Amino acid sequence: AQSVAQPEDQVNVAEGNPLTVKCTYSVSGNPYLFWYVQYPNRGLQFLLKYITGDNLVKGSYGFEAEFNKSQTSFHLKKPSALVSDSALYFCAVRSAYSGAGSYQLTFGKGTKLSVIP
Amino acid sequence: DSGVTQTPKHLITATGQRVTLRCSPRSGDLSVYWYQQSLDQGLQFLIHYYNGEERAKGNILERFSAQQFPDLHSELNLSSLELGDSALYFCASSVQGGGAWNEQFFGPGTRLTVL
């Protein structure tokens, strides 16, 4: 079974400061890891993913994430937060060995990011 | 705009009723996934279809069923509705024949309220 933990329900950060949203995962075999963002009354938008290779992945809107295999973590980061980054962020995982040809994602509970002006 | 469309946006119905939610995937995507988002359970995978065939089931109740049609749109049928079925229902699609590394693109969701 695969699982994702986002230990913080909410993260508050001042505009212009760096932000980190934490994610740890558990999966059999190699992981494929994803970050999505959800704005109020909207669907989920893909931000970035880790498949293999460089542990630092760059994505949309200036976000990046660092994959750490030994700590089974995939934290989302941004050097300078914007008020418009305020949203709900979801980390998701799937195994490279899903079997049966299906690739459903397992999501964390989500972290609400509030960027304070 | 992800290119995935869902109708209706909102649905209000009574307990015991049956509803159908519709999803049209992005052009060319053969896979459709259904998810349920609720405050207490978070985002839960329900079911996956690929080119008309069911590929996997997650935490889907027996009262729920889905299908994918030859034009690749999908419908999620919810019957004998209970108050606890109130949630946001998302569908997502992914690249034709894509591997597990391909991201899913989510529709805007259908908000179901059961009174």
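The values are calculated or read from the model by the stated rules, or taken from the named source; none is laboratory data. Being a predicted model, the structure only gives us computed values, none of them experimental. All Cβ positions, glycine included, derive from the backbone under ideal geometry; neighbour counts span all protein chains shown.
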Task: Number of positions in segment B:39-92 that are within 14 Å of chain A (Cβ to nearest Cβ), among the polar types (S, T, N, Q) and either crowded, with 21+ Cβ neighbours inside 10 Å or in a strand (DSSP E or B) (or both) - done: 2
Open item on the list: List the residue pairs whose Cβ atoms are under 7 Å apart, where the first residue sits in segment A:36-59 and is within 11 Å of chain B (Cβ to nearest Cβ), the second is at pLDDT below 95 and loosely packed, with under 12 Cβ neighbours inside 10 Å, and the two are 6 or more positions apart or on different chains.
Closed with: A:LEU47/A:SER60; A:LEU48/A:SER60
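Could you check segment B:49-81 and list, in sequence order, the residues that are in contact (Cβ under 8 Å) with a residue 60 or more places away in the chain and closer than 25 Å to A:PRO40 by Cα?
To start, the set of residues in segment B:49-81 that are in contact (Cβ under 8 Å) with a residue 60 or more places away in the chain comprises B:78-81.
The one that is in contact (Cβ under 8 Å) with a residue 60 or more places away in the chain and closer than 25 Å to A:PRO40 by Cα: B:LEU78.
Before we move on, is A:ASN41 under 28 Å from B:SER38 (Cβ atoms) and exposed (fewer than 14 other Cβ atoms within 10 Å of the Cβ)? Walk me through it before giving the result.
On the way: under 28 Å from B:SER38 (Cβ atoms): yes; exposed (fewer than 14 other Cβ atoms within 10 Å of the Cβ): yes.
Considered against the rule, which asks whether it is under 28 Å from B:SER38 (Cβ atoms) and exposed (fewer than 14 other Cβ atoms within 10 Å of the Cβ), A:ASN41 comes out as yes.
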TODO: Report, by residue number, each residue of segment A:70-82 that is in contact (Cβ under 8 Å) with a residue 12 or more places away in the chain and assigned to a loop (DSSP other than H, G, I, E, B).
DONE: A:GLN71, A:THR72, A:PRO79, A:SER80, A:ALA81, A:LEU82
- [ ] Out of the residues in segment B:1-25 that are buried (at least 19 other Cβ atoms within 10 Å of the Cβ) and not aliphatic (A, V, I, L, M), state the one that is nearest to the other protein chains (Cβ to nearest Cβ).
- [x] B:GLN6
TODO: Tell me, yes or no, whether segment A:61-68 has at least one residue that is surrounded by fewer than 17 Cβ atoms within 10 Å (Cβ to Cβ), in contact with a strand residue (DSSP E or B) (Cβ under 8 Å, 6 or more places away or on another chain) and assigned to a helix (DSSP H, G or I).
DONE: yes
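Yes/no matrix, rows are residues, columns are (1) farther than 21 Å from A:GLN2 by Cα; (2) touching a strand residue (DSSP E or B) at 6+ places or on another chain (Cβ under 6 Å):
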| residue | (1), (2) |
| --- | --- |
| B:LEU43 | no, yes |
| B:GLU62 | yes, no |
| B:SER65 | yes, yes |
| B:PHE69 | yes, no |
| B:LEU72 | yes, no |
| B:LEU78 | yes, yes |
| B:ASP85 | yes, yes |
| B:VAL95 | yes, no |
Task: Subset of segment A:8-35 (residues that are part of a loop (DSSP other than H, G, I, E, B) and within 14 Å of chain B (Cβ to nearest Cβ)) - done: A:ASP9, A:CYS23, A:VAL27, A:SER28, A:GLY29, A:ASN30
